[in-house]
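Right, one structure below, let's go through it.
The values are calculated or read from the model by the stated rules, or taken from the named source; none is laboratory data. Owing to the predicted nature of the structure, the values given are computational and were not obtained by experimental measurement. Cβ sites come from the backbone with ideal geometry, for glycine too, and all protein chains shown count toward neighbours. The area values use the complete protein model at the heavy-atom level, side chains included, leaving out ligands, DNA and RNA. Shrake-Rupley method; radii C 1.70, N 1.55, O 1.52, S 1.80 Å.
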Amino acid sequence: MSEYKNLWVYIEVLNGSAKSVGLELLGPGRRMTDAVGEKLAAVVIGSGVDEAVKSAAAYGADQIIVAEGADYADYSSEAYEYAMAQLTHKYKPSTILIGATSQGRDMGPRLSCGLKTGLTADCTGLEIDTVTGNVQWTRPAFGGNLMATIECPNTRPQIGTVRPGVFKRGMPDAARTAEIIREDIPVPAGTVRTTLVEKIAEAAEAAVKLEEADIIVSGGRGLGKPENFALVKDLADVLGGVVGASRAAVDSGWISHAHQVGQTGKTVGPKLYIACGISGAIQHLAGMSGSDVIIAINRDPDAPIFDVADYGIVGDVKEVLPALTEAIKKY
Ligand code: FAD
């Protein structure tokens, strides 16, 4: 156990740039490494990753470990896990944080299995015990009705995936520099058993960038019928925001799952979140309570959403939404 030191953040790369979640995780990574006096390292795997390496330095990594080469031009579970495992055997990090994206959810468990260590999936909170160095991983459990805090006291490295949007990105400092370690890790023949046949660009609908939006206007069952989502969209449009939804609205077929906010949807952290006709069930709150400012519109003054809202409007969404949209258009 004592051989393992330092915290790693895996920086996922998309089209040469770092995905937001990796940069977000450098924030809690910094806080935890400062608390135990260790180094914060970013791990970047891919091909043509200079931009991502610069971002990792700007967002606070002390050290950036880069595995770059043709073998990593496209993501494959086997090749990326192989690189991560080789690096882990060599450098022995105490903790590895990975974004809970499709890629992270694929690679993380494979890596932890290979290393015979644990993995705490889909975390929403991170602390560290400064005496033992154990990370305290918080994640929703029992359908989101309680938050479990999990420790892995007897294994290293401790690995976890963390939901995108839970932590806010810090302020980048383009002048910051970091120690860059380049590792040449050719993937042995036969390791990759899959072949990339075709890349299909994300459909526009699935590409709803809720996690990166500054303003989200969300609709719930209180809208009454699918056509009323137009009122939500109108307000989102005048504010330059995007449309979110509760699960009840999604399950009713009013809007696609790509818009769902909450425990089984997306975790968001916008500057402004407007909840329209949403009751505020715990599973919805799990995805949006980190928003800077929350406005709730609900005709029930006792709706639980008002407990987390900074501003509340008690009224009918069908009247309040058009009035708000018109008022904002005037400015
Ligand atoms: P409701 O709870 O029915 O609330 C509708 C609200 O609209 C009420 O407060 C009502 O007062 C108000 N209203 C009605 N008419 C009007 C009107 N004309 N004007 C203004 N207000 C009005 N939910 C999620 O959202 N996201 C998730 O990811 C998610 N994951 C889940 C995972 C699990 C395992 C489980 C068990 C549940 C999950 N849920 C999730 C469902 C969650 O428990 C709630 O059922 C859901 O959030 C309710 O959606 P809602 O607030 O739109 O509907």
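Loop-resident GluC sites (Glu not before Pro) (DSSP state other than H, G, I, E or B) in region 154-258 with no more than 12 further Cβ atoms inside 10 Å of their Cβ: Glu198, Glu202, Glu205.
Expressed as a whole number of Å, what is the distance separating the alpha-carbon centroids of region 253-288 and region 1-39? When both Cα centres are located, 27 Å separates them. For region 125-241, carbon and sulfur atoms together expose 54% of the accessible surface, with a 1.4 angstrom probe and every protein chain in place. Counted residue by residue at 0.36 nm each, then reduced by the alpha carbon distance between them, the extension gain from Ala174 to Asp302 reaches 41.3 nm. Computed with a 1.4 Å probe over protein heavy atoms only, the accessible area of Tyr75 comes to about 80 Å². Among 93-101, 240-248, 319-327, 16-24, sorting by the average number of other beta carbon atoms lying within 10 angstrom of each residue, highest first, gives 93-101, 240-248, 16-24, 319-327. Entry note, the chain: relative contact order of 14 percent, from Cα contacts under 8 Å with a spacing of 6+ residues. Computed from point charges on the beta carbon alone (+1 for Lys and Arg, -1 for Asp and Glu), the dipole magnitude for region 63-113 about its Cα centre is near 300 Debye. A 1.4 Å probe over all protein chains sorts His284, His257 by accessible area into His257, His284, starting with the largest.
With contacts taken as Cα pairs under 8 Å and at least 6 residues apart, region 86-165 reaches a relative contact order of 40 percent. Sorting 298-304, 142-148 by their mean Cβ neighbour count within 10 Å, with the most densely packed peptide first, gives 298-304, 142-148.
For the chain, a crude dipole built from +1 on the beta carbon of Lys and Arg and -1 on the beta carbon of Asp and Glu, taken about the Cα centre, is about 260 debye to the nearest 20.
Ligands, DNA and RNA excluded, the heavy atoms of Tyr80 present near 10 Å² of accessible surface to a 1.4 Å solvent probe.
For the chain, the solvent-accessible area works out to 47 Å² per residue, with a probe of 1.4 Å and every protein chain left in place. When Thr191, Thr132, Thr267 are compared by accessible area at a 1.4 angstrom probe, the order from most to least is Thr132, Thr191, Thr267. Applying 1/(1 + (r/R0)^6) with r as the Cβ-Cβ distance of Arg31 and Asp106 and R0 = 25 angstrom yields a FRET efficiency of 0.35. Against the chain, whose longest principal axis is taken from its Cα atoms, helix 20-36 shows a tilt of about 60°. One chain, two ends: Asp237 and Val192. Fully extended at 0.36 nm per residue, the span grows by 11.7 nm beyond their Cα-Cα distance. Qualifying trypsin sites (Lys or Arg not before Pro) in region 174-245, where qualification requires a DSSP coil assignment and no more than 13 other C-beta atoms within 10 Å, comprise Arg193, Lys199, Lys209.
Taking a 18 Å limit on the Cα-Cα distance, which of the listed pairs Lys209/Lys271; Lys5/Lys168; Lys209/Lys233 fall beyond it? Where the Cα-Cα span goes over 18 Å, the pairs concerned are Lys5/Lys168. Classify region 87-150 as rounded, prolate or oblate, taking a ≥ b ≥ c as the square roots of the eigenvalues of its Cα gyration tensor: rounded when a/c is under 1.5, otherwise prolate if a/b is larger than b/c and oblate if not. It comes out oblate by the Cα gyration axes.
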